[in-house]
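This report refers to the structure that appears directly beneath it.
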Amino acid sequence: MTDLTGDTPPPETTAAPKRAGHGLGANLLGWLQAAPLTVILAGFLVAPIIMIVIVSFWGATEFSIYPAFQFDNYEFLFGSPVTYRVFLATFKYALITWALTLSIGFTVAYFLAFHVRSQTMQIALFLLCTIPFWTSNIIRMISWIPFLGRNGIANQTLQDWGLIDAPLEWLLYSDFSVILAFVHLYTLFMVVPIFNTMMRIDKSLLEAARDNGASGLQTLRHVILPLTKPGIMIGTIFVVTLVMGDFITVRFMSGSQKANVGRLISNDIALLQYPSAAATAVVLLATVLIIIAVLLRFVNIRKEL
């Protein structure tokens, strides 16, 4: 309204400072709530990584480690042909394991999500898949040795059936046994995110695809696969990072005849060559982060979920 002179009085300005003060208080409260998690992440994640990076530039002799800033560890790492062979073997294990776990995980998740109608039965079958994970990884891994050995159950059965005349040597202590153990250990890490994503798919979309004449394969390709991409990507990140950092599986299942980057780091630690181990760990960490960054380019997980 206007006063007697015809001028419009200025609007009240008391609300703006209140809103500003309220926003400042909300921001402060948000920072205080995030502070405990920030401290934990800084102390148990960021600080160790920084320490590993620092130690990777130190020097070492046969008897001591001395602080320094030098590139000897990285020069030796990138100048050795063993490094490239080991990284190539690591990528090979990760790629084959990823392909197999994706095939198995997608099939299991698809069956549970779309062919098991009862939610109780879905939960029961899903828990059945988790039973092997109630025991130690090492126990599950070692259990393959008497099965795949020269005189193990697999060779004896194949010989009894007349399919082979002599035991198969490549069943154990080979790339086959290593990859088999990886698939056994890490398939569930692919099943869980894919199953979780499939359960979010609106069933009316599948009915609409069938009503429009789409075949089962077309529905799978054009409806289910695009909507399952976030779960596939999360499972891929889990499996690839776990395989690339694993060393105990390669050691046991290959009979110490094969190596990956994890074993390279483990051997340096056993020899008390911590700077060299730290340099290898930094390169492995950078490689894994690059792989994850590339994978995240294909799908925005935060947006999709």
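Okay, here's what the table says:
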item: Pairs, first within 20 Å of Gly255 (Cβ to Cβ) and assigned by TED's automatic domain parsing to the domain that holds Met141 in the range 156-172, second surrounded by 13 or more Cβ atoms within 10 Å (Cβ to Cβ) and β-branched (Val, Ile, Thr), C-beta under 7 Å, six or more apart; result: Leu172/Ile145
item: The listed residue being of a type in the set (Ser, Thr, Tyr) and touching a Ser or Thr at 6+ places or on another chain (Cβ under 7 Å), out of Thr228, Thr219; result: Thr228
item: Candidates Ala281, Ala270, Ala277, Ala259 - the one that is buried (at least 18 other Cβ atoms within 10 Å of the Cβ), out of contact with any Leu (no Cβ under 6 Å at 6 or more places or on another chain), modelled with pLDDT under 90 and within 25 Å of Ser56 (Cα to Cα); result: Ala259
item: Flag for Ile265 being within 21 Å of the chain's Cα centre (by Cα), within 17 Å of His184 (Cβ to Cβ) and not polar (S, T, N, Q); result: no
item: Count of the range 56-69 residues which are surrounded by 12 or more Cβ atoms within 10 Å (Cβ to Cβ) and either free of Cβ contacts under 8 Å to residues at least 40 places away in the same chain or not hydrophobic (A, V, I, L, M, F, W, C) (or both); result: 2
item: Test for Ala181: is it free of Cβ contacts under 8 Å to residues at least 40 places away in the same chain and either more than 15 Å from Ser254 (Cα to Cα) or under 26 Å from the mean Cα position of the chain (by Cα) (or both); result: no
item: Flag for Pro167 being at pLDDT below 90, crowded, with 16+ Cβ neighbours inside 10 Å and not hydroxyl-bearing (Ser, Thr, Tyr); result: yes
item: Contacts under 8 angstrom Cβ, first residue in the range 258-286 being on the phi > 0 side of the Ramachandran plot, partner in a helix (DSSP H, G or I) and surrounded by fewer than 19 Cβ atoms within 10 Å (Cβ to Cβ), 6 or more apart; result: none
item: Unmet requirement for Leu163, which otherwise passes all of (1) out of contact with any helix residue (DSSP H, G or I) (no Cβ under 8 Å at 6 or more places or on another chain); (2) over 28 Å from Phe126 (Cβ atoms); (3) assigned to a helix (DSSP H, G or I); result: (3)
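The values are calculated or read from the model by the stated rules, or taken from the named source; none is laboratory data. Here the structure is a predicted model, which is why all the values come from computation and not from measurement. Positions of Cβ are backbone-derived with ideal geometry, glycine not excepted, and every protein chain shown enters the neighbour counts.
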